[in-house]
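Structure first, commentary second.
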Amino acid sequence: AQKITQTQPGMFVQEKEAVTLDCTYDTSDPSYGLFWYKQPSSGEMIFLIYQGSYDQQNATEGRYSLNFQKARKSANLVISASQLGDSAMYFCAMREPPFGGKLIFGQGTELSVKP
Amino acid sequence: DAGVTQSPTHLIKTRGQQVTLRCSPKSGHDTVSWYQQALGQGPQFIFQYYEEEERQRGNFPDRFSGHQFPNYSSELNVNALLLGDSALYLCASSGPGQPSGANVLTFGAGSRLTVL
């Protein structure tokens, strides 16, 4: 079974508008971490935002925010005021115990920002 | 401050050959993880090295092996290459210490391997 599901293969958004990228996850462990990474065409994975399973508030990092709905096991990424440079692949990932270097990634969503 | 550096950036091999990929972690990091990313897929965890030992391993055959050196740099070796090994190989570093909870992995730009 998929542990991380990203159901949107591709998304388009107009420059300066907000966009939500969906992510659902599956785990039976009460302790876990959720991450979003951006991968431009250069290949490097760039860390955007983190949400811990016990965090009471939704994480925010500049124009990025994470809409964490624990009961629904969803961790959607919201990008406000989209910029042309936001065009890239976006991956949701989860870390479960035993914590270490292993992240489980989804299939990704390709975001295209239109001028 | 240099981030994670990987070499080579691109390489082409034929089936049955062996390949070695190299990674230097970000300054201050001591843990290295390797990932395989096939075209159109998310990265898949291969293994993690910490204190020169393999600490975690994903679902990859023994043809995939690695090493970590005292300076924390790492190598990924793949023997008996198959066409299906064609992928982007990403190295990620973190630290100090084993990643836990919110500890963020910093990725390199990857080595793109093509097997003909």
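I'd like the distance separating the alpha-carbon centroids of segment B:57-103 and segment A:62-102, in whole Å.
24
If we restrict to alpha carbons, what Rg and Dmax does the protein assembly as shown come to, in Å?
Taking only Cα atoms of the protein assembly as shown, I get Rg and Dmax of 17.5, 52 Å.
Could you sort the peptides B:64-72, A:9-17 by per-residue average Cβ neighbour count (10 Å cutoff), highest mean leading?
B:64-72, A:9-17
How much accessible area does B:Arg22 have with a 1.4 Å probe, in Å² rounded to the nearest 10?
Here the residue's solvent-accessible area equals roughly 110 Å².
How big is the Rg/Rh ratio for chain A, C-alpha atoms only, Rh by Kirkwood, two decimals?
Using only Cα positions, Rg/Rh for chain A is 0.96.
Tell me, what ³J(HN,Hα) does each residue in segment B:71-82 have, in order and in whole Hz, if you take phi through Karplus 6.51 cos²θ - 1.76 cosθ + 1.60 with θ = phi - 60° and put x for Gly and Pro?
Result, rounded to whole Hz: 8, 6, 5, 9, 10, 10, 10, 10, 9, 6, 4, 10.
Please state the relative contact order of chain A as a whole percent: Cα pairs under 8 Å, 6+ residues apart?
37
In straight Cα distance, which lysines are under 20 Å from A:Lys73, not counting same-chain residues fewer than 8 positions off?
Output for A:Lys73: A:Lys3, A:Lys102.
Straight-line reach from A:Lys16: which lysines have a Cα under 28 Å away, not including same-chain ones fewer than 8 places off?
Correct list for A:Lys16: A:Lys38, A:Lys114.
Counting pairs of alpha carbon atoms under 8 Å apart in space and at least six apart in sequence, what relative contact order in percent does segment A:1-44 give?
The value is 42 percent.
Let me check against my output: what whole-number percent is the relative contact order of chain B, with C-alpha pairs under 8 Å and at least 6 apart?
Value for chain B: 37 percent.
Explain nothing, just compute: Karplus ³J(HN,Hα) = 6.51 cos²θ - 1.76 cosθ + 1.60, θ = phi - 60°, for every residue of segment A:90-99 in order, whole Hz, x for Gly and Pro.
10, 10, 9, 9, 10, 10, 10, x, x, 4
How large is log10 of I(q)/I(0) for chain B at q = 0.09 Å⁻¹ when the intensity is taken from the Debye formula with one equal scatterer per alpha-carbon?
Per q value, in the given order, log10 I(q)/I(0) is -0.21.
Calculate the mean, over all residues of peptide B:31-41, of how many other protein chain Cβ atoms lie within 10 angstrom of the residue's Cβ.
The per-residue average across the peptide is 3.
At a probe size of 1.4 Å, how large is the accessible area of B:Glu54, to the nearest 10 Å²?
Accessible surface of B:Glu54 is approximately 80 Å².
Quick one: among B:Thr14, B:Thr31, B:Thr106, which has the greatest mean-square fluctuation in a GNM of chain B with alpha-carbon springs under 10 angstrom?
Sorting by GNM fluctuation, first place goes to B:Thr14.
The values are calculated or read from the model by the stated rules, or taken from the named source; none is laboratory data. Because the structure is predicted, anything quoted here is derived from the model rather than measured. Here Cβ is always computed from backbone atoms with ideal geometry, including for glycine, and neighbour counts include all displayed protein chains. Heavy atoms of the whole protein, side chains included, go into the accessibility calculation; ligands, DNA and RNA do not. Shrake-Rupley method; radii C 1.70, N 1.55, O 1.52, S 1.80 Å.
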